[in-house]
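Heads up, the thing below is written out as structure tokens.
No lab work stands behind these numbers, since they all come straight from the coordinates. Keep in mind it's a predicted model, so treat the numbers as computed, not measured. Neighbour counts run over all protein chains shown; Cβ positions are idealised from the backbone, glycine included.
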Amino acid sequence: MSPPLIMGILNVTPDSFSDGGRFVDPVAALAHAETMLQEGADIIDVGGESTRPGADPVSIQEESDRVLPVIERLAGRCPVSIDTRKTEVADAALAAGATILNDVSGSLHDVAARHGAGWIAMHMKGEPATMQEAPEYRDVVAEVKDFLAARIERARAAGVDRVWIDPGIGFGKSQEHNLLLLRHLSELTALGAPVAIGTSRKRFLGALANEAETHDRLEGSVATATWAMTQGVALVRVHDVEATAQARSLLFDPIEEEVA
Ligand code: HH2
């Protein structure tokens, strides 16, 4: 197994659930990207719209104005992904130098194909504003698996060469749904496309740790990323790059085994 990629999260938003407001200024955003690259990030994921429940909607113009200056400056430095649900923003970001479309709507395969970009197809039940209002599944693992298998087919049909599938932890999922998906991750990695996952600092980790606030969820974030890496996940999307890179080294750095 090759080491999983670490995707460092760069939210250029005023209201993201964990780092909102910290990197709205492009200078601060670029400095944070540089820090994450030094710490071991392989890809920087730039987002200009929060998907947390209750976040204010953002116009195409506003979202583009947030992400494009950062993507233009980062593109020559490292692989960049654009985290968006909007076709127009994805188009502009991929034209500006991003090479991966991180698509939480799981529906923008044509945009990725048009640009020859990679596509991260994520599962979400409902829309961000209301998705956490009592989400229900008959069998969450089976339903997410079916959805993601269909995305692999769509990617093939559209001519997308690089596709990752992502169960969308926290996107229209209860505590139990998130934990079941984590427990059954190996069923997703068996689908035949690399799996991406984002658990970093998410609410379900707080619920498991005495309602820890977002900045106090490092242990759960690293534990779940480490678990995911042992289950064959190919990409982890994280805020805390340094700690995740340490966990990856522990699992994947080569060691010489003595032959008896
Ligand atoms: N989670 C978030 C955003 N984008 N993309 C993928 N592929 N997988 C995820 O789990 C995922 C994602 C939500 O986290 P964050 O960006 O930190 O927060 P916000 O949406 O509030 O900006």
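Each Lys or Arg adds one and each Asp or Glu subtracts one; over the other residues with Cβ under 12 Å from the Cβ of Gly126, this totals -1.
Residue-normalised convex hull volume from the C-alpha trace of the chain: 133 Å³ per residue. Only the Cβ atoms of Lys and Arg (+1) and of Asp and Glu (-1) were treated as charged; on that basis the dipole of the chain about its Cα centre amounts to roughly 480 debye.
Working from Cα pairs under 8 Å separated by at least six residues, relative contact order for the chain is 18 percent.
Could you sort 214-224, 138-148 so that the peptide with the highest average Cβ count within 10 Å comes first and the rest follow in order?
214-224, 138-148
Note on the stretch 195-254: with charges restricted to the Cβ of Lys and Arg (+1) and Asp and Glu (-1), its dipole about the Cα centre is near 260 debye. Close Lys pairs in the chain, defined as Cα atoms under 18 Å apart and 8 or more places apart or on different chains, number 6.
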